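Take a look at the structure set out below.
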Amino acid sequence: MTEPVVSVRDLVADLGREAEATRVLGGVSFAVGAGEIVALVGESGSGKSTIGKALQGLLPQDAVRHLSGSVRIDGTEVIGADPRTLRDVRRRLVRAVPQNPMGALNPTMTIGRQLAESGAARDDAETWLARTGLPDPRRILAAYPHRLSGGQRQRVMIAMAMVARPRLLIADEPTTALDVTVQAQILDLVASLRSEGTGVLFVTHDLGIAAGLANRILVCHRGQIVEDGPAAQVIRAPRAAYSRALLRARFDLSTDRSRPLPTAGTAEIAPWPPVAKGKSWALELYRVVKHFPAGPRGRWGRRQPVRVLDGIDLRIAAGECVALVGESGSGKSTLLRIAAGLETADAGDVSRSGSVPPQVVFQDAVGALTPWLPIGAQIGEGLPRDTRDTCIAEALREVGLDPALAAALPSELSGGQCQRACVARALIRKPSVLLCDEPISAMDVSLAAQVLNLLNDIRRRAGLGMLFVTHDLAAARLIADRIAVLDKGRLVEEGPSEEVVTSPRAAYTEQLLAAVPRLSREGLA
Amino acid sequence: MTGYLLRRALGFVLVLWMVTVIVFALQAIIPADPARAITGPAAPAETVERVRGQLGLNDPIPQQYVRFLGNLARGDLGTSVRTRQPVADDLRRYLPATLELVGAAMILGTALALVLALAQMLLARSGAVRMTMLAAGSVPIFLSAMLLIYLFWFSLDWLPGAGRIGIRRFEGPTGSMVIDGILLGRPDVVGSALAHLVLPALALALPLAVAVGRSLASALHDVLRQPYAETARGKGLPEYRVVLRHGLRNAASPPLSMLGLQLGLMFGNLLIVERTFAWPGLGLYMVQSLASSDLPAVLGVALTFGAVYILFNMAVEIVQTLADPRMKL
């Protein structure tokens, strides 16, 4: 390896408000060479984002209780440097690409001015916008951010970072907020930066992405680097137990779907028992059409209607799980809301079996719980008083939570426990249909695997009809019997999961499949 | 834009119409008799009755109201009971002085709000700025007006404490002394008019500055936590540039709305301030008209205030739209 552009030695950071300080980084050491892509892999709370902020000197000042060690970027020491030096480091040496590009550009400033502020001459700005694959850079320079899509904004962010010719580029989960097809393009773009001689620190929770992109992989766990090695070696023969656990929890399009996913502590796993599918339909959607007022404004300021769902036919049998896969703006969440009765269709029919309306499990489990009510009270809301407590205890046990947690507030639970509580709240009404709106997309892999197992187990045991809305084909294939692919308000493909994944008929499905990151261990050898 | 202006024009007429209904209803409820006010307390009952007939006060209220609306459409607001002049003429005479005062108070208040908000942002964790704002916001206007007079006129004699100008017989085309002085090239007039403006404008500006300043400070507080502020810091920009270039424009909308709302409150304060500083504007006219239950005059002032309020808030909405490229009228 050439002279490293960044060398981090014994970086220790305690963060917290007032007296409560937690050791977020406990002696981190690593280096990034020029033109090298290093992936920093870890789950949420592992400290990986803190490392990125520390390298930029952008840790929130009032939260830093202790910071020691050394971060040298191109010979300049960052730890303990004065604000002026830090600004200079940020301007010349280290740039960052954010997790969510949607909010990262100033909405009231043109792209051109924001690039100029970043130190770009006009020609330079145009060149870099073109290099990131943006069509018509001149038009983009004059545009305001809201005219651009998420993928385009992330390209602008990358161009904005690269015009400064930094020695190090920190990309903190730059693709998690983007659609899968866009994600693949952005990853290609990051890979192409290698030739610029800029070192890239790519922060991610997904080993698959890391394996496909990076020269080296660092695995971060509880503020420590537990593994540091060439990407192929870390994937093929991980040394640390934690790396092995991360690899085992990971699922993709080739994971065994006949049995529950392996989670921590499980050795031998029995396959799923066959489901006795009901003969009746639990949920039927017939030619559902929905418009939203989102088009250009008319004379009186009213927006023209735009068709978001265009004649959707979808049927789910009792005990069957159907995954609805699509990218943002495809109309998949609207369809779920119509099935739930939260939204009414403009045309078409929705019929459900049973007297209990379908229950919904939302993406943001913590936000779906009222913060000041105990879990039990929220689960048992509206049940008859005499049997309420036993019902709550039973529902909590069913989702794998201790019944004693009924008295706890949502803030005392972890994110995974909150999602389990939400499932319990949905199940206690004994619905015939469960609607899941991206229930695992905000979760780390090991947690996502647990929740997938739980949902799969419950619908098999209770004979529930389940609609599983997701953008992730790998998760869809694991949980669902059938996959329906939604593109711009139309169902472009529908069929048995394995068939859709192995031999897709629609071009759009192929595109989605190609974009799913894979851990091809053979390819790395 | 055309649609927006059409909708707002419709709203404009609707609000003014509601003002006329309210004031007319008041007229029917208040036991004041304009005929008695015109003829004087010593006049015989027959005279009063004759005047009542002339004024049309014996007609049913709806008929009086329709007649009033018809006159209003022709620009006739009736005759003031107190000044015996057409109300429209009185309004034309006093409006420029009030517009000048309100304009000065708006500019001064906005400037103070900016200073307060930036002071609170940049002097982080300073309780002093918050305390100052709280104190300034809690002083009632009649007290602050009198304190200003006492301190800067009576005790220090730095600034004049009453009237619009210290020069006799000055008339200009616009009616605003400062602008007229500039137009006619009279620095003495401009100087004297500005000196007279300072204290009443400051009294009106204080509550405005506190309300708008707090709104701006909290909007800035949120904006500077947005990811794009972090992006700006990531480019190595110093904090003051992050605040000025990325903060202010994005935080402009809530304080601008607050500015529009504050104009309504300022009209109420205008009565006290113009009375205290002997400022010959609509507020003083209103105080005097109220004292002599001069309902046509009160109605005229209410309509004028209503119109100015709506126009100003329309301007605020347009400025908000210009500030945020995502918004469309």
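Structure values in brief
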| quantity | calculated |
| --- | --- |
| Restricting the range A:116-132 to residues that are touching a residue at least 40 places away in the same chain (Cβ under 8 Å) and within 10 Å of chain B (Cβ to nearest Cβ), the residue that is farthest from the chain's Cα centre (by Cα) | A:GLY119 |
| Unmet criterion (only one of (1) facing chain A (nearest Cβ under 8 Å); (2) hydrophobic (A, V, I, L, M, F, W, C); (3) part of a loop (DSSP other than H, G, I, E, B)) for B:ALA232 | (3) |
| Filter result (of a type outside the set (Ser, Thr, Tyr) and surrounded by fewer than 17 Cβ atoms within 10 Å (Cβ to Cβ)) within the range A:68-99 | A:ARG72, A:GLY75, A:GLU77, A:GLY80, A:ALA81, A:ASP82, A:PRO83, A:ARG84, A:ASP88 |
| Residue in the range A:302-324 that is free of Cβ contacts under 8 Å to residues at least 12 places away in the same chain, over 28 Å from A:GLY151 (Cβ atoms) and of a type outside the set (Ser, Thr, Tyr) present | yes |
| Residue match in the range B:246-255 (condition: out of contact with any His (no Cβ under 8 Å at 6 or more places or on another chain), hydrophobic (A, V, I, L, M, F, W, C) and within 19 Å of A:MET157 (Cα to Cα)) | no |
| So A:VAL366, is it assigned to a loop (DSSP other than H, G, I, E, B) and touching a residue at least 24 places away in the same chain (Cβ under 8 Å) | yes |
| Helices (runs of 4 or more DSSP H) enclosed by the range A:444-525 - at least 1 residues per element that are among the polar types (S, T, N, Q) | A:445-462, A:497-502, A:507-515 |
| One residue from B:ALA145, B:ALA136 being over 21 Å from B:ALA193 (Cβ atoms) and in a helix (DSSP H, G or I) | B:ALA136 |
| Residue within the range B:183-190 that is away from chain A (no Cβ under 14 Å), at pLDDT 85 or above and under 18 Å from the mean Cα position of the chain (by Cα) present | no |
| Yes/no for A:PRO83 being at negative phi, more than 31 Å from the chain's Cα centre (by Cα) and assigned by the TED database to the domain that holds A:GLY223 | yes |
| Enumeration of residues in the range A:107-161 that are among the β-branched types (Val, Ile, Thr), part of a helix (DSSP H, G or I) and buried (at least 17 other Cβ atoms within 10 Å of the Cβ) | A:ILE111, A:ILE140, A:VAL156, A:ILE158 |
| Candidates B:LEU237, B:LEU220, filtered to the one that is within 14 Å of chain A (Cβ to nearest Cβ) and within 24 Å of A:GLY52 (Cα to Cα) | B:LEU237 |
| Qualifying position, being within 23 Å of the chain's Cα centre (by Cα) and more than 14 Å from A:THR110 (Cβ to Cβ), among A:PRO174, A:PRO145, A:PRO135, A:PRO166 | A:PRO174 |
| Residue under evaluation B:TRP158, criteria (1) surrounded by 17 or more Cβ atoms within 10 Å (Cβ to Cβ); (2) part of a loop (DSSP other than H, G, I, E, B), criterion not met | (1) |
| Any hit, the range A:314-327, residues being at pLDDT 90 or above, charged (D, E, K, R) and closer than 19 Å to A:ARG482 by Cβ | yes |
| Qualifying residue in the range A:299-314 (condition: farther than 30 Å from A:LEU478 by Cβ and acidic (Asp, Glu)) | no |
| Meets criteria (surrounded by fewer than 18 Cβ atoms within 10 Å (Cβ to Cβ), more than 14 Å from every other protein chain (Cβ to nearest Cβ), more than 30 Å from A:PRO238 (Cβ to Cβ) and not polar (S, T, N, Q)) for A:ALA21 | yes |
| Filter result for B:PHE267 (farther than 19 Å from B:GLY161 by Cα, of a type outside the set (S, T, N, Q) and away from every other protein chain (no Cβ under 14 Å)) | yes |
| Hits in the range A:257-293 - residues which are in contact with a Leu (Cβ under 9 Å, 6 or more places away or on another chain), modelled with pLDDT of 80 or more and not aromatic (Phe, Trp, Tyr) | A:ARG257, A:PRO260, A:LEU261, A:ALA282, A:LEU283, A:GLU284, A:LEU285, A:VAL288, A:VAL289, A:LYS290, A:HIS291 |
| Residue satisfying condition, being among the charged types (D, E, K, R) and crowded, with 24+ Cβ neighbours inside 10 Å, within set A:ARG429, A:ARG477, A:ARG461 | A:ARG477 |
| Matching residues, the range A:71-115, being among the hydrophobic types (A, V, I, L, M, F, W, C), facing chain B (nearest Cβ under 9 Å) and under 21 Å from A:THR175 (Cβ atoms) | A:VAL94, A:ALA96, A:MET102, A:ALA104, A:LEU105 |
| Boolean, A:GLY150 is more than 11 Å from chain B (Cβ to nearest Cβ) and either in contact with a Cys (Cβ under 7 Å, 6 or more places away or on another chain) or at pLDDT 90 or above (or both) | no |
| The listed residue being within 15 Å of A:ASP14 (Cβ to Cβ), of a type outside the set (A, V, I, L, M, F, W, C) and either more than 31 Å from the chain's Cα centre (by Cα) or outside the structural domain of A:PRO174 (by the TED database) (or both), out of A:GLY47, A:GLY75, A:GLY69 | A:GLY69 |
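Residue by residue, here is whether (1) within 14 Å of chain B (Cβ to nearest Cβ); (2) closer than 28 Å to A:LEU455 by Cα; (3) touching a helix residue (DSSP H, G or I) at 6+ places or on another chain (Cβ under 9 Å) holds:
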position	(1), (2), (3)
A:LYS290	no, no, yes
A:VAL325	no, yes, yes
A:SER328	no, yes, yes
A:SER333	no, yes, no
A:THR344	no, yes, yes
A:VAL350	no, yes, yes
A:PHE362	no, yes, yes
A:ALA365	no, yes, yes
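Residue-wise test of (1) hydrophobic (A, V, I, L, M, F, W, C); (2) within 23 Å of A:ALA442 (Cα to Cα); (3) surrounded by 14 or more Cβ atoms within 10 Å (Cβ to Cβ).
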{"site": "A:ILE379", "(1), (2), (3)": "yes, yes, yes"}
{"site": "A:LEU383", "(1), (2), (3)": "yes, no, yes"}
{"site": "A:THR390", "(1), (2), (3)": "no, no, no"}
{"site": "A:ASP402", "(1), (2), (3)": "no, no, no"}
{"site": "A:ALA407", "(1), (2), (3)": "yes, no, no"}
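The values are calculated or read from the model by the stated rules, or taken from the named source; none is laboratory data. On a predicted model such as this, the values are computed, not experimentally measured, just so you know. Ideal geometry is used to build each Cβ from the backbone, glycine not excepted, and the neighbour counts take in all protein chains shown.
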